[in-house]
Amino acid sequence: MNKVYDVVALGELLIDFTENGTSAQGNPVLEANPGGAPCNVLAMLNRLGHRTGFIGKIGQDMFGTQLEQALKEVGISTEGLVKDEKIHTTLAFVHTLAGGDRDFSFYRKPGADMMLTESEINEEMLEGCRIFHFGSLSMTDEICRSATKKAIELAKKNGSIVSFDPNLREPLWESLDAAREQIDYGMSQCDILKISDNEIQWFTGEQDYDKGVAYLQSRYSIRLILVSLGREGSRAYMGGRCVQAASFHQQKTIETTGAGDTFCACVLHYVLEHGLREYTQEEMEEMLTFANAAAALVTTKKGALRVMPEKGEIEELLK
C-alpha cells in the first residue's frame, strides 16, 4: 500500500511561554509560543516537503485552539489530535540562561497531553506512515504510556521505521529511575535514536561518547545513533562507523529551543530520501552537516514550531 504519511509523531503539544523583554513596570513579558518536541520535528519535515501527522491531546481551551491552528498553519495533519474537555492544555515556562541554554517549569499535574488513551489512537494514521517518531514525555504517566506503547506496536506491525528522542525533562518524572526505565523501553523499540550529549552520559554512565554509544549498541539493536553535541556539532554512529560534523556558529543566536528537534527532523528527511541502509562516511557527513546547519538557523529565532528554516536558507548557509 502507498504510505499516506512520511512521518507520524506522537507526544506532547504545549505552550512554551518564553521571555520577550520586560514591561514598563519592569515585569518579564512572556510570549505564548506553540511548542512540544514531536511537532517541532514535524514542522521542520513539512518545510522539507514531507507529509506529516500528529497524534496527541490538547485541552478544549484558548491554548488548545491556538495549538491546533498552529499545526494547520505549518501543514501538520490534525486528524490524530484529540481534545480533553476537563483537563487544560499543558504549559511550560522557559527561562533562557546566559549562552542560550534553558530552564523549564511545567504546569502539567495533569496536562491534557498526559491523558491520551489507547482507544484515542488514530490507527489508520499508523497503517500508512513510513516513520513513526516519539519521545519519552508521553511515557511519564500510565495513561499516555499505554497509548504510546500501543502506537509503537501498531507502527512496527505495519513496517514503519521507529525513531526515538528521549528528550529528558527531569521535573516531569517521579524519579530519574522511572525515567531510565521508560527510556530503556524506548531504546529497545527504535531503529533511529537521537540523544543529546548530557543524556547519553546520564543514561550510560560513560563520559566518553564513543563508550556510551558502544554500551547502547551492546544492549539494543538501534541501526542509527545520533548524538547532538551543542556547540561541538554532532556525531552519527552506524554499524562500526562514527562520523562527526562541526556546528555552524551563528552571531545572532537567541536561544536553543527546537535546535535538537530541527536536527532530528533533518536526519529523518535524509532517511526518507535515501532509505535506512548502511551509509558511507561521505553520506553520514552530508546528513550531519545539513542537519547541523538547520539547527543553527533555528537558534536565531524565537520559538521553533512556526519559524523552522526553509530548505533554501539551509543551502545558503552550507555555501
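A few remarks follow.
- Positive-end residue of Leu45, Gly233, Asn20, charge dipole of the chain with Cβ unit charges: Leu45
- Only beta bridges with both residues in the chain are counted; by DSSP, about 40 percent of them are antiparallel.
- Under-5 Å amide H pairs with Ser77, H placed in peptide plane, nonlocal only: Thr52, Gly53, Phe54
- Contact order normalised by residue count of segment 134-244, Cα under 8 Å, 6+ apart, percent: 21
- Links that overshoot a 31 Å alpha carbon limit, given the list Lys57/Lys211; Lys72/Lys301; Lys86/Lys311; Lys3/Lys211; Lys57/Lys319: Lys57/Lys211; Lys86/Lys311; Lys3/Lys211; Lys57/Lys319
- Positive dipole terminus of segment 9-318, leading residue within Phe104, Met62, Cys242 (C-beta point charges): Met62
- Relative contact order (%) - criterion: Cα under 8 Å, at least six apart; region: segment 9-318: 17
- Gyration tensor verdict on segment 258-319 (Cα atoms; rounded if a/c is under 1.5, prolate if a/b is larger than b/c, oblate otherwise): prolate
- Shape of the chain, Cα gyration tensor, a/c cut at 1.5: rounded
- Its Cα centre serving as origin, the chain has a Cβ charge dipole (Lys and Arg +1, Asp and Glu -1) of approximately 260 debye.
- Each of His50, His269, His133 has some number of other Cβ atoms within 10 Å of its Cβ, and from fewest to most they run His50, His269, His133.
- Low-density loop cleavage sites - GluC sites (Glu not before Pro) in segment 107-191, where at most 13 other Cβ are within 10 Å (DSSP): Glu174
- Base-10 log of normalised Debye intensity for segment 90-215 (one unit scatterer per alpha-carbon) at q = 0.12, 0.19 Å⁻¹: -0.51, -1.15
- Taking other C-beta atoms within 10 Å as the exposure proxy, Phe132, Phe248 rank Phe248, Phe132 from fewest upward.
No value in this document is a laboratory result; all are computed from the given coordinates. Here the structure is a predicted model, which is why all the values come from computation and not from measurement. FYI the Cβ positions are ideal-geometry reconstructions off the backbone, even for glycines, and counts take in every protein chain you see.
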